[in-house]
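Below is one structure, written out as structure tokens; the observations come after it.
The values are calculated or read from the model by the stated rules, or taken from the named source; none is laboratory data. Not measured: the values here are computed from a predicted model. Neighbour counts run over all protein chains shown; Cβ positions are idealised from the backbone, glycine included.
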Amino acid sequence: MPEQPSQSSDRFNRACAFLLGLHGLALVVVFPLGPQQTRLWHPGVAGIATLVAAYPLAAVVGGLLARRLKTEPASLRALAILAALALLPSVFSLDYPTFFGARLFGGFIAGFGLVALHRVMPAAIMPAAGRTAARIIAFGLPVCVLAATLMDWRSTFVPLLAGAVALAVVAPDAPAESADEQTAATEAAPAALVATGALAFVSSAYLTILSGFLVRNAGHSELHITAALLTGAGLGVIMPFAVSALRQRLSSFATLGLVLAASACSLASLLVLRAPLPAALAVTLLGCFLAINGARHVALAGLVWPRLTEDQLPVHQTNTHLAHHAGSGIGALIAGCLIHVAPEGGLTGMGSLLGCALGALTLVWAAGLTLSQPTASPAARAASANTRWRVAASLVRSVRTSMTRTPGSPT
């Protein structure tokens with residue numbers, strides 16, 4: 001009998017992680033579909049980028065509105081139904097305009113769902129739920145893209161919709177201990193939001209166009225996109241262990257710096273995709289890029305999580321996901337502006353995109369440097385603020401005195 005509450009709590013925690021993974025898949029599932037969209041609609045790079053950016057930017061709007069309205073947390077079953085409702089229009093879209101509208105609608109609804117999910121999810125399980133969701137995204141994305149390649153682009157969303165409907169049927173009720181009021185907590189690490197948004201910017205900017213370079217420039221089939229995604233998922237399994245091993249020998253900031261350096265090297269290596277390339281090398285390059293993407297977020301989490309209390313986790317996670325979606329949308333739009341179709345039919349502009357990505361990684365490093373500083377106590381922060389106020393007031397008085405002093409008066 002005493003084991004029953006623990007089993008119920010464990011089922012609920014796994015369901016929360018599964019729903020979080022579905023939300024992540026719904027965001028990224030369109031990124032590798034550029035070749036399919038080009039074959040069907042010929043929207044151009046800008047059209048593809050706009051389609052990719054629609055969902056995350058709409059999710060930011062929906063999430064901010066949900067926070068503004070301060071709606072009460074719904075049950076997990078209701079949130080799964082909401083996720084299914086967000087995916088349904090994409091399954092029945094007919095062409096580019098209807099699909100674009102479906103992504104806007106789905107993103108807006110998903111923004112509401114993410115905010116509510118973080119209010120329902122127990123704060124103590126959020127780090128583990130994030131790791132589980134990352135694995136669901138990594139291994140679920142190749143399945144969805146393979147379905148789009150072998151069948152129809154709309155079939156990409158069928159596994160996601162089926163997962164949301166299944167969760168709505170079997171979702172357990174929240175255990176009593178997870179229903180604590182968590183909405184009054186404040187954000188503790190704003191620099192982490194800057195770093196998260198910058199990392200999402202880099203990932204989104206490249207994922208929006210990499211499948212196009214693989215097919216149009218490197219000269220491979222759409223099936224190789226799935227192979228690259230599977231390679232990235234496989235390599236990504238070992239990345240958390242590698243980051244943890246680094247963190248045992250180095251500081252969290254040094255670990256983040258090394259991972260960012262590896263990310264910069266990975267980004268630079270992708271420049272070779274501008275020309276024909278052997279399939280094994282192209283797939284390996286993309287797989288390494290995807291795996292290092294995950295490692296960057298793991299390294300950043302190792303710097304951020306120790307600074308947060310359990311009361312701060314729900315609000316922090318909500319803000320982090322909104323920052324991630326904002327960075328994803330902006331990154332896709334930037335890629336659409338910088339990447340163009342060359343006269344011979346390939347894509348060009350990767351060098352300009354690399355420059356933007358390196359700038360974003362530098363911003364992440366600077367945010368990590370800020371996060372690595374010791375956290376001052378509230379009393380110390382108040383004393384520092386009081387000191388800055390007294391210095392500023394003294395400076396204003398000095399300027400005012402110098403302006404009112406008559407010419408020729410003694411100094």
| message | For region 65-84, check the following and say yes or no: at least one residue is without any contact (Cβ under 8 Å) to a residue 24 or more places away in the chain, of a type in the set (Val, Ile, Thr) and surrounded by fewer than 17 Cβ atoms within 10 Å (Cβ to Cβ). | response | no
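Quick test for you: out of 45, 115, pick the one residue that is in contact with a His (Cβ under 9 Å, 6 or more places away or on another chain) and either surrounded by fewer than 23 Cβ atoms within 10 Å (Cβ to Cβ) or not aliphatic (A, V, I, L, M) (or both). Before the answer, list the steps.
Values: 115 fails: either surrounded by fewer than 23 Cβ atoms within 10 Å (Cβ to Cβ) or not aliphatic (A, V, I, L, M) (or both).
So the residue among 45, 115 that is in contact with a His (Cβ under 9 Å, 6 or more places away or on another chain) and either surrounded by fewer than 23 Cβ atoms within 10 Å (Cβ to Cβ) or not aliphatic (A, V, I, L, M) (or both) is 45.
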| request: Would you please name the residue that is nearest to residue 144 (Cα to Cα), looking only at residues in region 60-89 that are charged (D, E, K, R) and assigned to a helix (DSSP H, G or I)? | output: 77
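Yes/no per residue for (1) surrounded by 23 or more Cβ atoms within 10 Å (Cβ to Cβ); (2) of a type in the set (S, T, N, Q); (3) not in a helix (DSSP H, G or I):
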site	(1), (2), (3)
288	no, no, no
311	no, no, yes
329	yes, no, no
344	no, no, yes
| request: Could you tell me whether region 250-266 includes any residue that is in contact with a Cys (Cβ under 6 Å, 6 or more places away or on another chain) and hydroxyl-bearing (Ser, Thr, Tyr)? | output: yes
| request: With respect to residue 50, determine if the residue is at pLDDT below 90 and either in contact with a strand residue (DSSP E or B) (Cβ under 9 Å, 6 or more places away or on another chain) or hydroxyl-bearing (Ser, Thr, Tyr) (or both). | output: no
